[in-house]
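K.L.:
The structure follows.
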Amino acid sequence: MSSSSSEDDIPLSKKRRQDKFAESNASMSGRSAERTPDPAMARTKSVINDDDSSDEEMPLAKRASSKTNGKAMKREASSDEDNVPLSKIVKTTKKPTPKKRIVNKEDSSSDDEKPLAKVKKDIKKVAKVKAEEESKVVRKQTKKVKDEEAEAQFKWWEKSNEEEDGDVKWNELEHNGVLFPPAYVPHGVKMKYDGKPISLSPEAEEVASFFAALIETDHGKNPVFQKNFFSDWQEILKKDSSNPNITSFEKCDFRPMYEHFEVEKERKKQLTKAEKQTIKEEKAKVEEPYLYAIVDGRKEKVGNFRIEPPGLFRGRGDHPKTGRLKKRVMPEQVTLNLGENAPIPKPLDGHKWGGVVHIHEATWLASWKENINGSIKYVFLAATSSWKGQSDMQKFEKARDLKKHVNRIRRDYRQQLNDKLMETRQRATAMYLIDVLALRAGNEKGDDEADTVGCCSLRYEHVTLEPPNILVFDFLGKDSIRYHNSVPVDAQVFKNIKIFKKQVGPDNMIFDRLTTMSLNKHLGSYMKGLTAKVFRTYNASHTFQEQLNKLTREEDSIPDKLLSYNRANREVAILCNHQRSVSKNHGQMIAKIQDKIRALKYQRKRLRKQIVQLDPKMKKSKLTEMEEESDLEDEWIAEHQKDLLVKEREKITTRFEKNNEKLASEGKPPQPKEELKEKLKAVDDWEKELQKEKKTGKIEVKASATVEKLLAQITKLDERIKATKTQALDKEEGKETALGTSKLNYIDPRISAVWCKKYNVPVEKVFSKTLRDKFQWAMEIDADWR
DNA sequence: AACTTAACTTAGGATGACAAAG
DNA sequence: CTTTGTCATCCTAAGTTAAGTT
């Protein structure tokens, strides 16, 4: 923080993160302490008296928030479910979890598939036989196609809804495993410790390099990041006794390495086109085997076949683990998911796979455990694949289904906003927020993660009340993005939040009797598969369609139509709070544009003066109608003129030098210096002229100039000024909203497809190539779809 | 555990400024 | 003075991986 001596220079988005940082530092005692509930406050009643005056009588959080015994709490919460009317527990009978079969590389070849696989097959036999036969047919057909022209895409959306085949996603699955990052090649550049160059073991050098590359970034300057990196690096240093004893981060100077990388970067840029081309080709050759998997005979694109390279964990927000070393992944840690009959790809030389499994009900191709949070990473098919496409379409269909139920759901929760039962009332209030504000569900998080919240995990401090009915939300959501919004709400919602807050007290969760699980369970009783996130999809798509209809004019030009499209898109992005960090030089950029505008205005002003000089009568007519340049101060003009002169001189000198170089290379003698002087003199003359202008207040008008000509020039300038202004405005408006996320994940692509058809806008204007590929299933939609 | 959503990072293509040529 | 070619800059799209939900 100390680095921010001039706060105003910091882009907004960065600031927001910094502020947050300050906040968490201020409350150093840590969250766990803050959130520990006051046992004296614990109460047990769970019926609500609606009268405000008797708020005190309200029940309280059994799970009054504590993280320390969260597990016990959760169990308790689930026992609460007994209160739920039976009718609401529709949950389908659980299928036995499929057994994973780990096959060691050695035994995999011979014995293989028969026993376990057969049992499994028997279980699902009845349901599956039909599908299997079908898929065999499909396979034969597509194999033929594949041999000729591999790309003929399988149009799954044209097939009638195949029987939902239990949870089985595939019968045969073949792929070439994963691509590991190349082994580390030491560069030998010595960093300094305590001012002296030191040599490091390759492993220690690698980790130091990870950090060195980041020293100029926000991460590299973040103390938590530094601390975590440093302690993990020390562990690595200890592993090789030849490493120097490094105990103080402050004494480390990573700059030599950083500079080395900068030079390398520059060198890469300087490569010729041909060299770049060969590098690209080599890369493609290495990747080639991993690009596609074969699913039931169909060739499908793989998404992320590359194993994530080692590096420093770049946790967002103030993640406690940010900066920790993300270790290199070895084949031993990687599990492959393959068909029983598929050949097992070769692991790295001298290595073995961690395991090979045949989980037919999963869509992942490979997985490994990551060492920072202990979570599992997966290799999936690409977004263009049928698996992803199908589930994407299902998602939007589900959102469309919601339309049929939403009125009933809304009526219910409105009614339940003053339910006697605390839990029900909280649930109804949460549903209101999820529905109206498109908040995320908000699972609880651990102490070893960034402190972010969603609807169910909102805490006391995240919502403030502004009578009569305004709620002010201010919290960090997913990715530590700030959600800051003032919304007028239903009177009862306002009242409820007030009550809940009073009950739970500071630092505690507002919906203390609600979990995402119980909420989703309840939603599921309205409609199969309905969960909190469906509301986000539904509301996003719905808003988009609404806005689009409202904004688009038949008679508009295509750019205008696109503007409407983007505006509708922006509405959705705002609803979903999709932000992007303002680029580091946004401020500069805007300043540059403003300067450009002023420079144009300066020119225009001169032209006007000239016109008046030519024809004094013009003064009162057209010219006065024109907008006055309020931001053109004399001071600025002087500055600007100086600038123009300096630039002109520079230009002349460099041109002169360049010319000389050219002459020299041709073996000719350089131009005489007098020539340069001669040319520079012209600028001097210009300068004098400007000074004279300043004194007399008159501009010398060229002999060829006429009023008409000057007016024409002014019109041109006017246009340019206007264009630049709107450009600036557009940039300013959109600087913080990211349109891409909603387009990619929330807005039903069929709405766009229909819109393009209806208004004759080419689809490629609204969908990039990847988007078109991903949404192929939506492109051939009927024009009357809604 | 498995899958979707999301922002951050990077690559490369479009765009505009500038110099040289017409 | 306008047009054309080149280079740097900027911006978008693709790629990556962290952070959510179920």
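K.L.:
Between the alpha-carbon centers of the range A:253-327 and the range A:513-557, tell me the distance in whole angstrom.
P.N.:
So the two Cα centres are separated by 36 Å.
K.L.:
Another question about this same structure. Which far-off residues, 5 or more places away or on another chain, put their amide H under 5 Å from the one on residue A:359, with H placed in the peptide plane?
P.N.:
A:338
K.L.:
Given a Förster distance of 30 angstrom, what is the FRET efficiency for residue A:215 paired with residue A:776, based on the Cβ-Cβ distance and rounded to 0.05?
P.N.:
Efficiency at R0 = 30 Å is approximately 0.10.
K.L.:
So, one more: Got a sec to turn the phi values of the range A:450-455 into Karplus ³J(HN,Hα) couplings, 6.51 cos²θ - 1.76 cosθ + 1.60 with θ = phi - 60°, whole Hz, x for Gly and Pro?
P.N.:
Couplings: 5, 7, 10, 9, x, 3 Hz.
K.L.:
Something else about it: Determine, from the Cβ-Cβ distance of residue A:478 and residue A:306 and an R0 of 30 Å, the FRET efficiency 1/(1 + (r/R0)^6), rounded to the nearest 0.05.
P.N.:
Rounded to the nearest 0.05, the efficiency is 0.75.
K.L.:
Residue A:341 to residue A:469: FRET efficiency via 1/(1 + (r/R0)^6), r the Cβ-Cβ distance, R0 56 Å, to the nearest 0.05? Could the numbers behind the result be given before it?
P.N.:
Details: r = 65 Å, r/R0 = 1.15.
The computed FRET efficiency comes out at 0.30.
K.L.:
Assuming 0.36 nm per residue, please report the length gained on full extension of the stretch residue A:167 to residue A:556 beyond their Cα-Cα distance.
P.N.:
Using 0.36 nm per residue and subtracting the Cα-Cα distance, I get 135.2 nm.
Any read-out appearing in this document is the output of simple, stated calculations on the displayed coordinates, not a laboratory observation. Since we're looking at a predicted model, the values are computed, not measured. Every residue, glycine as well, gets a Cβ built from its backbone with ideal geometry; the counts of neighbours run over all protein chains shown.
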